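The structure under discussion appears below in the form of structure tokens.
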Amino acid sequence: MIDIINPVSEKKLYSIEEASDADIFAAFAKARLASDELYGSTVQERTRDILRVIQYLQDNEERLLDRIVEESGRSRGDAMLSDMVQMLEDCHWLVENAARVLADEKVPTPITLFGKKSHIYHEARGVVLVISPWNLPLAIAGTAALFAFAAGNAVIIKPSEQTPMKGIFEEISKLSPLLSQAITVVYGSGETAQKLIAQRPDFISFTGSVRTGKKILTQAAPLVIPVIAELGSKDAMIVCDDADIDRAVGAAAWGNMHNSGQSCTAIERLYVQSGIYDEFVRRLKAAFEKVTLGTGPDHDMGAITTPFQMDIIDGQIRDAREKGADIICGGEPAGHGGYKPTIVLNVTDKMRLATEETFGPVVPVYAFGTVEEVVRLHNQCDFGLSTSVWTTDPAIADHITRAVVTGCVNINNVMLTEGNANLPFGGVKYSGYGRMKGAEGLLGMTRSKAVLVDNTRGKPEPNWYPYSQEKLSLMSRLMRAVTSPAGPGKLFALARVGLALDSLLKKDSELDT
């Protein structure tokens, strides 16, 4: 049994039972059968069921917020923004766009294949295993599962054992017969995840730490299971001299402390140009000190969800302090599961705070001189999920956006690319690969099938046997004609080669007869 603990009160909420081998076998048997059933469903039928999920989320808003807050210790505002609003918007996007994105595509066919037609079919992968994290227990698992379902897959959800939201995804699955077939929930620890992967799902969607992600990739690789991995990060905010300081300070405070810093796109590296550095730090300190801690609707920042995460945060601060960093506010636990908003100056690369993901309300602030310098500093990091760029000069914004190595860029805002379901979300380097959301994310839940249709009757193809010097010569002429500049001459050359090839094929056919 695994006890689920409220991180604020430290009281037990309930327990979940680690899945047995029989539970895992049964889950996959159900999912394989459901995959066959879903093959006969239409995307319109599946999106109608996603409308039911939208209604469920709206009807149960307060109850779901209660569950999120008590299991994660987050403030109610954070729970609303990151879980409820995000999942609702992702569902709406699927309803409005899934049929268009998943429709069969007709694509051009080259002149060398004259008379043929080419198509791409986007087909379900089969059984998708969703392994979700503890920081956004509803939205991350729910969005991944419903993107997979919209594409026609059966889904097995393995929630985090820290915030499993027991019973919620089961309620969602009962909203329709198709959802009931398609969605299965399996509870347990990392050992359960390993056993699920060993059953060889057709696809894995994982969100979590780099350490756990590497374990999953190591196990999945010999089984040739494709994986989309959204891993950790140490996201940067770059503030140029000409930025709107007040707005940038507000963004930095929220961007670092939203969800108590327990967000993959939280600001963990703050680069400020030297001309405004001192003023920016002064205002940022004042903003940090105004933040209220608690889980109610009037509180800004909640608790650190897990004890091991608190240990990571506190360990990085102790290391930075011992190695000479200046902590100008915060730097210690706040009680009731929280950690005080913390600003750290004079951070060097020898400190863990500079190189490791913190996942807490702590931000080191660095000064930079030129755009070239800050791009270099940014790209030295081993992570690359999301970056925030602040300047009133569109040319500088575009230059930095193209130069930084990252998956997402917010210009004069922070953490909002993941709030637009039209945009693909994912990172580079140790932040993972693959994309969720948007057309790219939805198509990632499918296999592309290339289809070529030929209605030719009774005629051989030029590339078929027999080969001859004459045929090879005509093929060479055809290639030169195809790659020649467009115009009447090209059309004339293609027509001449085509007629010659047709005549040769007729002769070969007569000889065969």
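Overview of results
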| item | result |
| --- | --- |
| Residue identified as surrounded by fewer than 20 Cβ atoms within 10 Å (Cβ to Cβ), at pLDDT 95 or above and of a type in the set (Gly, Ala, Ser) among Ala367, Ala320 | Ala367 |
| So Thr387, is it in the same structural domain as Thr292 (by TED's automatic domain parsing), surrounded by 15 or more Cβ atoms within 10 Å (Cβ to Cβ), of a type in the set (Ser, Thr, Tyr) and within 21 Å of the chain's Cα centre (by Cα) | yes |
| Test result for Tyr430, aromatic (Phe, Trp, Tyr) and surrounded by fewer than 17 Cβ atoms within 10 Å (Cβ to Cβ) | no |
| Per-region count, region 200-244, residues within 24 Å of Arg282 (Cβ to Cβ) and out of contact with any strand residue (DSSP E or B) (no Cβ under 8 Å at 6 or more places or on another chain) | 1 |
| Matching entry among Phe359, Phe383 (being touching a Cys at 6+ places or on another chain (Cβ under 9 Å) and of a type in the set (A, V, I, L, M, F, W, C)) | Phe359 |
| Test for Ile4: is it among the β-branched types (Val, Ile, Thr), in a strand (DSSP E or B) and within 27 Å of the chain's Cα centre (by Cα) | yes |
| Qualifying residue in region 89-102 (condition: in contact with a His (Cβ under 9 Å, 6 or more places away or on another chain), over 30 Å from Thr295 (Cα atoms) and in contact (Cβ under 8 Å) with a residue 40 or more places away in the chain) | yes |
| Residue count, region 96-121 (criterion: more than 30 Å from Met475 (Cβ to Cβ), of a type outside the set (D, E, K, R) and surrounded by fewer than 18 Cβ atoms within 10 Å (Cβ to Cβ)) | 4 |
| Unique residue being among the β-branched types (Val, Ile, Thr) and closer than 26 Å to Arg74 by Cα when the list is Thr192, Thr163 | Thr163 |
| Pick from region 450-479, criterion of a type in the set (Lys, Arg) and surrounded by 11 or more Cβ atoms within 10 Å (Cβ to Cβ), ranking: modelled with the highest pLDDT | Arg477 |
| Residue among Gly426, Gly419, Gly444, Gly438 that is in contact with an Asp or Glu (Cβ under 9 Å, 6 or more places away or on another chain), of a type outside the set (A, V, I, L, M, F, W, C) and modelled with pLDDT of 95 or more | Gly426 |
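The values are calculated or read from the model by the stated rules, or taken from the named source; none is laboratory data. Worth saying up front: this structure is predicted, and the values here are computed from it rather than measured. Cβ coordinates were reconstructed from backbone atoms using ideal geometry, including for glycine residues, and neighbour counts include every protein chain displayed.
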